[in-house]
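Just so it is clear, none of the values below were taken in a lab; they were calculated from the coordinates. The shown structure was predicted, so the numbers you read here are calculated from the model rather than taken from an experiment. Every residue, glycine among them, receives a Cβ derived from its backbone with ideal geometry; neighbour counts consider all protein chains shown.
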Amino acid sequence: MKVLVVGGGGREHAIIMKLSESPKVDEIFCAPGNGGISKFAKCYDVKATDVEGMVALAKELKPDMVVVAPDDPLVLGMTDKMQEAGFKTFGPKANAAIIEGSKVFSKDLMKKYDIPTAFYEVFTESEPAIEYLKKQNSYPAVIKADGLALGKGVIIAQNEEEAVTAIHEMIDDLKFGKSSSRIVIEEFLTGPEVSVLAFTDGETMVPMISSMDHKRALDNDRGLNTGGMGTVSPNPYYTKDVAKECMEKIFIPTMEAMNKEGRTFEGCLYFGLMITPKGPKVIEYNCRFGDPETQVVLPMLDADLYEIFDAIYDHRLKDVDIKWHDGACACVIMASGGYPSSYKKGIPMEGFDDKGQVEGCFVYHAGTKLDDNNTFLTNGGRVIGVTSRGECLKCALNKAYEGVSKISFEGAHYRNDIGKRALEAK
Ligand code: AMP
Ligand code: GLY
């Protein structure tokens, strides 16, 4: 079988490596891919958001399956267009991807179907939003842009001044374009966060092993929010009891709610959860594999990923045996100096073998490219995810950080405390 994977980050690299373990998969293409991915899959220079260009590429390559991994093309309807063109495609259709594409949609869905989440109100004008904020007079206040905003559309305002500024920037100045013409103001929740990705074909829901992201740029959860600076799996806060409660009150009800709305979700549904003193609540849904959660979850998968994708497409997920390895997995992101604000690109990297790897780890490439001399250069904010699996979390973390110490590039920035909170939970 030939597979075309759409996207070009660490998540796509992890999906490609897992697919390549399948005896059924002979050849993998990736568009646009990146320097590191190009060592494992043939890459094509088509933007992930270029729906027409991607369908044209598929017509040329004739893959047996297309995997659409990032949020934007899913929300734009790339799965719909691929399927119309006759390609078996993994990833939800646009009418289901809206669960991530619109926070107002997802909040209203949860309210309608009684799925636990933070209390909220929706606004399209700044004046009533500010009035509401003043009436609530409760800080921190959580202000979210309705649409996709590269993971930057959530502001946790510590006081009225910050909140008012955020509201003006989003609604009046359209800081995130159309994505922030509508906003959600919601209750601030507390508790450890857990990411759970789940395979679903709309009839069966199979939660994957849990994970924990580290969203802030700096150690001890300080600094700006990022796309994620590291992950560990499993997440010790996701106990058996919590998992049971999530399945009954969140996962199954969400699948059924989407079915009832005529928006059956087929693909990987991501639950961003907070384990509050009043039980688990949904912080956000994503319509796709998380990044960098995938980099620690898929290495733990002891099953054929191609077979799972195929089964989801055919609505026979219930027949697939999905197992997980024992032990733990850790991923430390090495980012460009300055990320998530401005940073330089094109900096030469040292320490890799010819495939962009180091011994004892797997390096998932997120933002790298190759120059004419076969040297890896930085080409994005999050550059690589140095990942290791071990018998215990501490073992996996030690190996991942050992890998990090072997790689260098000017300005390289990483957190030193990935997994610390998870280790403290035990
Ligand atoms: P999101 O993009 O919705 O996942 O939000 C980004 C981050 O903001 C989350 O991972 C949480 O750490 C934080 N966050 C979002 N919503 C809330 C909330 N209602 N209460 C507390 N923290 C939140
Ligand atoms: N790591 C969070 C996300 O993928 O949205």
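Summary of computed values
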read-out: Summed side-chain charge close to E12 - residues other than E12 whose Cβ falls under 14 Å, Lys, Arg +1, Asp, Glu -1; value: +3
read-out: Summed side-chain charge close to H325 - residues other than H325 whose Cβ falls under 11 Å, Lys, Arg +1, Asp, Glu -1; value: -1
read-out: Shape box of the chain [Cα atoms, principal axes, largest first, Å]; value: 60, 46, 43
read-out: Long-range HN-HN contacts of K42 with modeled amide H, under 5 Å; value: I28, C30
read-out: Relative contact order of the chain, pairs being alpha-carbon contacts under 8 Å that are 6 or more residues apart, as %; value: 17 percent
read-out: Karplus-derived HN-Hα couplings along the stretch 271-285 (A = 6.51, B = -1.76, C = 1.60, θ = phi - 60°), whole Hz, x at Gly and Pro; value: 9, x, 10, 10, 8, 7, x, 9, x, x, 10, 7, 8, 7, 10
read-out: Karplus 3J(HN,Hα) series, Hz, for the stretch 33-43 with 6.51 cos²θ - 1.76 cosθ + 1.60 (x for Gly, Pro); value: x, 7, x, x, 4, 5, 7, 10, 8, 6, 9
read-out: Helix-only CD estimate at 222 nm, as mean residue ellipticity for the chain, using -39500 (n - 2.57) per DSSP H run (n ≥ 4); value: -7500 deg cm²/dmol
read-out: Unsatisfied cross-links (Cα-Cα over 26 Å) in the set K240/K260; K88/K112; K24/K318; K18/K112; value: K240/K260; K88/K112; K18/K112
read-out: Rg followed by Dmax, in Å, when the stretch 186-331 is reduced to its Cα trace; value: 15.2, 45
read-out: J(HN,Hα) series, the stretch 70-85, from Karplus relation 6.51 cos²θ - 1.76 cosθ + 1.60, nearest Hz, glycine and proline x; value: x, 5, 4, x, 5, 5, 6, x, 5, 4, 4, 5, 5, 5, 4, 7
read-out: Globularity index of the stretch 1-134, i.e. its alpha-carbon radius of gyration over 2.2 N^0.38 Å; value: 1.32
